[in-house]
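Asks: Below: one structure in structure tokens.
All of the numbers you see were taken from the coordinates with simple rules; none came from a lab. All figures in this text were calculated on a predicted structure; none of them were measured in a lab. Every residue, glycine as well, gets a Cβ built from its backbone with ideal geometry; the counts of neighbours run over all protein chains shown.
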Amino acid sequence: MPPDDSPSAATATSGQRVRSSKLTRPDLLEMYRVMALSRTLDERVWLLNRQGKAAIVAAAQGHEAAQIACVFATDPSRDHYLIYYRELTTLLAVGLTPLDLLKGFLSKEGEPMSGGRQFPTHGACRNVDLFSFSNVVGTQLPQAAGVALADKMRGEPNVTVVYFGDGAASQGDCHEAMNFAGIHRLPIIFFCENNRYAISVPLSKQMAVENIAARAAGYGFPGVTLDGTDPIGVYEAVYAAAERARNGGGPTLIEVMVERLFPHTSDDDHTRYRSAEDLRQMRSRDPLPTFEAQLRKAGILDDATHDRIWSEAKRLVNEATEEAEAAPYPQVDQFTRHVFAES
Amino acid sequence: MAVMTVLEAVRQAMLEEMRRDSRVFVMGEDIGARGGVFLATDGFLQEFGEQRVIDTPLAESSIAGIAIGAAVNGMRPIAEIEFADFVWPAMNQIVGEASRIRYGTNGNKFAPLVVRMPYGGGVRGGLYHSQTIDVVFAHQPGLIVIAPCTPYDAKGLLKAAIRADDPVVFLEHKRTYRLVRGEVPEEEYILPIGKADIKRAGSDMTVVSYGLMVHYCLEAARKLSDEGVEAEVVDLRTLAPVDRETFLESVRRTSKAMVVYEDNRTYGIGAEIAATIAQDAFHDLDAPVVRLAGPDVPAMAFAPPFEAEFMLSPEKIAAAMRDLAAY
């Protein structure tokens, strides 16, 4: 491997990376690095939950490939991301640090997204336009249409990516948002991470059609269903959708089929509603070993790089855990602030 | 000064703000070619075009949700809900989302949208075109709730609402739209949000109200004046954050208090006003605080006698004033 192929320390937010329809070898290695960091952090926060230190965790494990691909195919320096609660990889990809996120999981002072008011990973970032707000599922969809509308009114060629799960697709807000986005040809990507379960309710009880993407036809824009464990395929689809959106081509619905490798949250037990066979098949679709094998086969990842990536991830997460655990809780006098504008 | 209706004042406020600031736009059902069902946006489509005058699908939740998103992304949307009675599908976006954006992001984001809605009864509107829904918004911290009753207040407060950096629910009593006329200055003015206004001075009792009921209270006060009783009428104008000081100061002078509101009585705005007076002006009171409001039926019924029974009137208010004066 030539030396300039080594993974850069920069994340997708650096703005240095030139986006094109094809991923480069450093891109692929960087995507793998963020996925490994996300997996390491995800495992850590579950541990902290089981130790009674983190009140609630919603794992992104199984969704990492789709999430990293979507950020890589768009531009965090100008695009808008309205995410939901299962987006740890997305948050790392746009530039949040393990320490930022661990402070959220432990509700510690200096948590950057909501100052400790919200559940972990909720609130908004300052440096990147990432907004992760409600637990009333699906409310972000019309809000995202509004974000995209504002860009369109000002003639700014930015893309809004709105993330949601299969559960949210049943909400009226989902229909209303897609309908409006279609009418106004808004620069928006509806990014549906379909893990086939709305907590415990399987797809067969959520919809009578096979794919959520099929609904796009009813709104007058394209919809595709992709394997969400394949980051390259997802990257190419999101890149094409973003280019079209920037050029006035309107919305796209991208449905990625992913696996939810853990229960809905740390308060759920998926063995109550998923069969042993279902769980076995689910584990066979973990995107990390698949992507790793792909990179090794292409000669992009060797043992030394692999070990360096994982040991670096562990070091970062260890250091961040230590610092977050040592941090104080937010001051109580802060919690009455920001009800209204402060003059 | 020009004399105009409440409706014309609302229209002019939006017109002036849209001319002044390209971030301001209007969206809602039938607001384009139709000019709004009450004509509040009459002529807007011709002047500003489809980009800034957006006829939306019939889908209230997304009207509010899209306005939130546009506001968070730097615009100043004015969303119209055709009738306040139709706001329920949007309630989650307004009460559950807009109110909490600044708070839930630790001030990283804010949503400066205005949601206008015509409300109120006395127009033969039946169950679904008569509702007074103010209290559900006023109970939610993070929302500014304004309910003017004169053309002067409507224009000055709507302009303030559009310029405010927080979400505003702007309630326009539809019976005042064409019924109430008043003077409005030619030159630009902005009224302060969160300030009540004493619409009539008096020394014998304080009557706190807002919306159409202010006009009924003023009429009742004129009748009582002939009988030697002078009622002071306080118009709240902003329901949240409420200006407690103005009505408390008035009650301390008059020693008697009445709250008049069109909504059904239980858990209404009157409960908050009466409780505040009981708590903070108890030693100044010469009589129990009176709540005069609608009956606790689910909504205003259609038949004329039903509607008349639900609605307060200057006569009903005058009778209650007499009782309070005699206490």
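Asks: How many residues does the range B:44-57 hold that are more than 10 Å from chain A (Cβ to nearest Cβ) and either in contact with a helix residue (DSSP H, G or I) (Cβ under 8 Å, 6 or more places away or on another chain) or crowded, with 24+ Cβ neighbours inside 10 Å (or both)?
Replies: Number of matching residues: 4.
Asks: Could you say whether any residue in the range B:95-109 is surrounded by fewer than 24 Cβ atoms within 10 Å (Cβ to Cβ), touching a His at 6+ places or on another chain (Cβ under 8 Å) and more than 9 Å from chain A (Cβ to nearest Cβ)?
Replies: no
Asks: Do you know which residues across the range B:58-76 are in a loop (DSSP other than H, G, I, E, B) and surrounded by fewer than 24 Cβ atoms within 10 Å (Cβ to Cβ)?
Replies: Correct list: B:Leu58, B:Ala59, B:Gly74.
Asks: With the checklist (1) more than 7 Å from chain B (Cβ to nearest Cβ); (2) more than 24 Å from A:Gln51 (Cα to Cα) in hand, flag the one item A:Lys103 doesn't pass.
Replies: A:Lys103 satisfies every listed condition except (2).
Asks: Among the residues of the range B:164-178, count how many are within 14 Å of another protein chain (Cβ to nearest Cβ) and either free of Cβ contacts under 8 Å to residues at least 60 places away in the same chain or under 12 Å from the mean Cα position of the chain (by Cα) (or both).
Replies: Qualifying residue count, the range B:164-178: 4.
Asks: Okay, moving on. Starting from the range B:98-116, keep only residues that are without any contact (Cβ under 8 Å) to a residue 24 or more places away in the chain, then list their pairs with residues that are among the basic types (Lys, Arg) whose Cβ atoms are within a distance under 9 Å, requiring at least 6 positions of separation or different chains.
Replies: B:Gly104/A:Arg117; B:Thr105/A:Arg117; B:Asn106/A:Arg117; B:Asn106/A:Arg337; B:Gly107/A:Arg337; B:Asn108/A:Arg126; B:Asn108/B:Arg102
Asks: Here's a follow-up. Determine whether B:Val208 is assigned to a helix (DSSP H, G or I) and in contact with a strand residue (DSSP E or B) (Cβ under 7 Å, 6 or more places away or on another chain).
Replies: Spelling it out, it is not the case that B:Val208 is assigned to a helix (DSSP H, G or I) and in contact with a strand residue (DSSP E or B) (Cβ under 7 Å, 6 or more places away or on another chain).
Asks: Going residue by residue through the range A:96-119, is there one that turns out to be in contact (Cβ under 8 Å) with a residue 12 or more places away in the chain, closer than 30 Å to A:Glu243 by Cβ and touching a Leu at 6+ places or on another chain (Cβ under 7 Å)?
Replies: no
Asks: Would you check which residues across the range B:203-234 are among the charged types (D, E, K, R), in contact (Cβ under 8 Å) with a residue 40 or more places away in the chain and touching a Leu at 6+ places or on another chain (Cβ under 9 Å) and list them?
Replies: Step one: of the range B:203-234, the residues among the charged types (D, E, K, R) are B:204, B:219, B:222-223, B:226-227, B:230, B:232.
Add one more test, that the residue is in contact (Cβ under 8 Å) with a residue 40 or more places away in the chain, and what stays is B:204, B:219, B:223, B:227.
The one that is among the charged types (D, E, K, R), in contact (Cβ under 8 Å) with a residue 40 or more places away in the chain and touching a Leu at 6+ places or on another chain (Cβ under 9 Å): B:Asp204.
Asks: With the checklist (1) free of Cβ contacts under 8 Å to residues at least 40 places away in the same chain; (2) more than 10 Å from chain A (Cβ to nearest Cβ); (3) over 17 Å from B:Asp165 (Cα atoms) in hand, flag the one item B:Glu8 doesn't pass.
Replies: It is condition (1) that B:Glu8 fails.
Asks: Among the residues of the range B:77-91, which ones are facing another protein chain (nearest Cβ under 10 Å) and surrounded by fewer than 24 Cβ atoms within 10 Å (Cβ to Cβ)?
Replies: Selection gives B:Pro89 alone.
Asks: Moving on to the next point. So, in the range A:276-334, exactly how many residues are of a type in the set (Ser, Thr, Tyr) and not in a loop (DSSP other than H, G, I, E, B)?
Replies: Residues of the range A:276-334 that are of a type in the set (Ser, Thr, Tyr), as a first pass: A:284, A:290, A:305, A:311, A:321, A:329.
Narrowing further to those that are not in a loop (DSSP other than H, G, I, E, B): A:290, A:305, A:311, A:321.
Here the count works out to 4.
Asks: What is the one condition in (1) in contact with an Asp or Glu (Cβ under 6 Å, 6 or more places away or on another chain); (2) surrounded by fewer than 24 Cβ atoms within 10 Å (Cβ to Cβ); (3) in a loop (DSSP other than H, G, I, E, B) that A:Thr225 does not satisfy?
Replies: Result: A:Thr225 fails condition (3) only.
Asks: Moving on to the next point. For the range B:42-57, enumerate the residues that are more than 12 Å from B:Val24 (Cβ to Cβ), assigned to a loop (DSSP other than H, G, I, E, B) and within 26 Å of the chain's Cα centre (by Cα).
Replies: Those that are more than 12 Å from B:Val24 (Cβ to Cβ), assigned to a loop (DSSP other than H, G, I, E, B) and within 26 Å of the chain's Cα centre (by Cα): B:Asp42, B:Gly43, B:Thr56, B:Pro57.
Asks: Name the residues in the range A:128-146 that are more than 12 Å from B:Arg100 (Cβ to Cβ) and either at the interface with another protein chain (Cβ under 7 Å from one of its Cβ atoms) or surrounded by fewer than 24 Cβ atoms within 10 Å (Cβ to Cβ) (or both), would you?
Replies: Matches in the range A:128-146: A:Val128, A:Asp129, A:Phe131, A:Val137, A:Pro142, A:Gln143, A:Ala144, A:Ala145, A:Gly146.
Asks: Looking at the range B:127-139, which of its residues are surrounded by 19 or more Cβ atoms within 10 Å (Cβ to Cβ) and closer than 23 Å to A:Ala341 by Cβ?
Replies: Listed by number, the residues that qualify are B:Asp134, B:Phe137, B:Ala138.
Asks: Also, I was wondering about something else. Pick from the range B:276-294 the residues that are farther than 30 Å from B:Glu307 by Cα and among the small types (Gly, Ala, Ser): which of them is surrounded by the most Cβ atoms within 10 Å (Cβ to Cβ)?
Replies: Ranking the candidates gives B:Ala281 first.
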